[in-house]
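The values are calculated or read from the model by the stated rules, or taken from the named source; none is laboratory data. Everything quoted here is computed from the prediction, not taken from an experiment. Note that we place each Cβ from the backbone using ideal geometry, even for glycine, and neighbour counts take in every protein chain shown. Keep in mind that these areas ignore ligands, DNA and RNA; they rest on the heavy atoms of the full protein, side chains included. Shrake-Rupley method; radii C 1.70, N 1.55, O 1.52, S 1.80 Å.
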Amino acid sequence: MITPWTGPIAGVNGISFTGKKIKGWRDKLGVKEAGSYLAQLVRMQEEIGTGGGGFRYIYGAFLQEAHAYIPKDEFLKISEQFTASGDLWRTAAVHAAGIYKGRIGSQEDFNTMGDYLLEIAEIERRAFTQLKNIKW
């Protein structure tokens with residue numbers, strides 16, 4: 001069964017997978033090509049794919065509104081987690097742009113970029129698990 005948090009290249013496992021891969025891109029691809037990969041990742045995230053941070057904000061707002069109809073306090077707590085994830089997606093996008101534009105590009109910068117995605121994946125994994133486990 002495919003769920004929002006399973007699968008090697010989709011959902012939170014896909015985010016974790018990509019975060020780990022990014023850490024090796026500088027050595028494997030070189031700074032310029034790795035920066036191009038990151039630029040494409042941001043384009044896919046923000047414009048073509050899930051909407052990145054924007055979608056997380058929308059989903060968080062949805063959970064807040066759902067709380068008015070189904071007064072489960074868990075919705076409010078999970079909403080905060082998706083908002084935090086959205087903030088981190090946006091931070092990661094700015095960091096990726098810095099690498100792409102050549103303002104930064106050390107191995108530590110790539111490690112930081114990968115760590116952002118690993119942290120996002122963990123936040124979203126917890127949030128989806130908590131959402132799944134709400135007692136009705």
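Listed values, structure above:
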read-out: Counted residues, segment 88-106 - those being more than 23 Å from ARG56 (Cβ to Cβ) and open to solvent by 30 Å² or more (accessible area, probe 1.4 Å); value: 5
read-out: Test for GLU122: is it surrounded by fewer than 18 Cβ atoms within 10 Å (Cβ to Cβ), under 13 Å from the mean Cα position of the chain (by Cα) and assigned to a helix (DSSP H, G or I); value: yes
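Results for (1) modelled with pLDDT under 95; (2) open to solvent by less than 80 Å² (accessible area, probe 1.4 Å); (3) of a type in the set (A, V, I, L, M); (4) closer than 16 Å to LEU131 by Cα, shown as yes or no for each residue.
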site: LYS23; (1), (2), (3), (4): no, yes, no, no
site: ARG56; (1), (2), (3), (4): yes, yes, no, yes
site: PHE62; (1), (2), (3), (4): no, no, no, yes
site: ILE70; (1), (2), (3), (4): no, yes, yes, yes
site: LEU118; (1), (2), (3), (4): no, yes, yes, no
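Quick grid of which residues meet (1) touching a strand residue (DSSP E or B) at 6+ places or on another chain (Cβ under 7 Å); (2) assigned to a helix (DSSP H, G or I); (3) open to solvent by 50 Å² or more (accessible area, probe 1.4 Å); (4) among the small types (Gly, Ala, Ser):
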| position | (1), (2), (3), (4) |
| --- | --- |
| TYR59 | no, yes, yes, no |
| LEU76 | no, yes, yes, no |
| GLY86 | no, yes, no, yes |
| GLU108 | no, yes, yes, no |
| LEU131 | no, yes, no, no |
